[in-house]
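FYI, it's all coordinate maths here, none of it is from the lab. Since the model is a prediction, treat every value here as computed from it, not as a measurement. Virtual Cβ from ideal backbone geometry, glycine too; neighbours counted across all protein chains shown.
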C-alpha cells in the first residue's frame, strides 16, 4: 500500500510506449486526498513576453522549480511537477506544504524586487476537488535512464489550477530570506537541432478523460 507522503516515489515506473500507457487505466493511481497542489505563475506574463522578457520569465519559473526540488531533496522525497513556461505546478505532501510555501514566498519577493514582475503563488488540497467532481490520477512514465515524468489523467489538475489562479494567496511573515537555488544554471545560447534526427521531448502530458 502506498503511503501518502511517498506516493510518487512508490508509483511503479512504466516503460511501455506512451500510447499504450494512456490506454491502460490500471497504471494510473488516485492522488492522495491529503496532497496539496501548489501553483506558481507570473501575472500578465503574455505582456511581459511581448515586451521581450521571455528569458526573465522562464528564469523565474525555473527558479520556483529549483527551490521546491532542493527542499524536497533535503527531506529525501520526490515531488512531481509540471513546468508551464511562466510558472509551475507541484503536488506537495502535506508535511512539506508550509516550507514549500515559505520558500516560494521568498522567491516571490525576490522576483518582485529584482525583476518588477509579480509571481502569483497559491495552493489547494486535493480533497477539496470532491466538490468539483473531477478525477485526478497519476502514473510515472519512464522517458530514459535519467528521467521519469508524471502523467496525469482526468480534469482534476486543470480544475485545481483554474481555482488557484482565481484566488489571492496571502503570504505569511518570514523569519529569513535565504533561498536555496543551488544547481540552477542560466544558458541562453541557441542550439540548432541536428539534421534528420528526432529530438526527445521532456514535456509533461496532461490528458483530460
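Compute the FRET efficiency between residue 115 and residue 24 as 1/(1 + (r/R0)^6), taking r as their Cβ-Cβ distance and R0 = 30 Å, and round to the nearest 0.05. Walk me through the numbers before you get to the answer.
Working: r = 43 Å, r/R0 = 1.45.
Calculated value: 0.10.
Taking each pair of different alpha-carbon atoms in segment 44-110 once, compute 1/r for the pair, average those values, and report the inverse of that mean as the Kirkwood hydrodynamic radius in Å to one decimal. Write out the running numbers ahead of the final one.
On the way: mean 1/r = 0.0796 Å⁻¹.
Kirkwood hydrodynamic radius for segment 44-110: 12.6 Å.
Need one number: nm distance between label points at residue 144 and residue 127, each 7 Å from Cα along Cα→Cβ, rounded to one decimal.
Reported label-point gap for residue 144 and residue 127 is 4.1 nm.
Using a simple spin-label model with points 7 Å from Cα along the Cα→Cβ vector, what separation in nm is obtained for residue 50 and residue 34?
Reported label-point gap for residue 50 and residue 34 is 4.6 nm.
Mind pulling the per residue volume of the convex hull built on the Cα atoms of segment 1-79? Å³ is fine.
Details: hull volume 12.4 nm³, N = 79.
Enclosed volume per residue, from the Cα hull, is 157 Å³.
Quickly work out the residue 10-to-residue 166 label distance, labels modelled 7 Å from Cα along the C-beta direction, and quote it in nm with one decimal.
Distance between label points: 3.4 nm.
What would the Debye equation give as log₁₀ I(q)/I(0) for segment 91-151 at q = 0.27 Å⁻¹, counting only Cα atoms as equal point scatterers?
-1.02
Kindly put 119, 59 in sequence by how many other C-beta atoms sit within 10 Å of each C-beta, fewest to most. All intermediate terms of the calculation are to be shown ahead of the outcome.
Details: 119 25, 59 15.
Fewest to most other Cβ atoms nearby, the residues stand as 59, 119.
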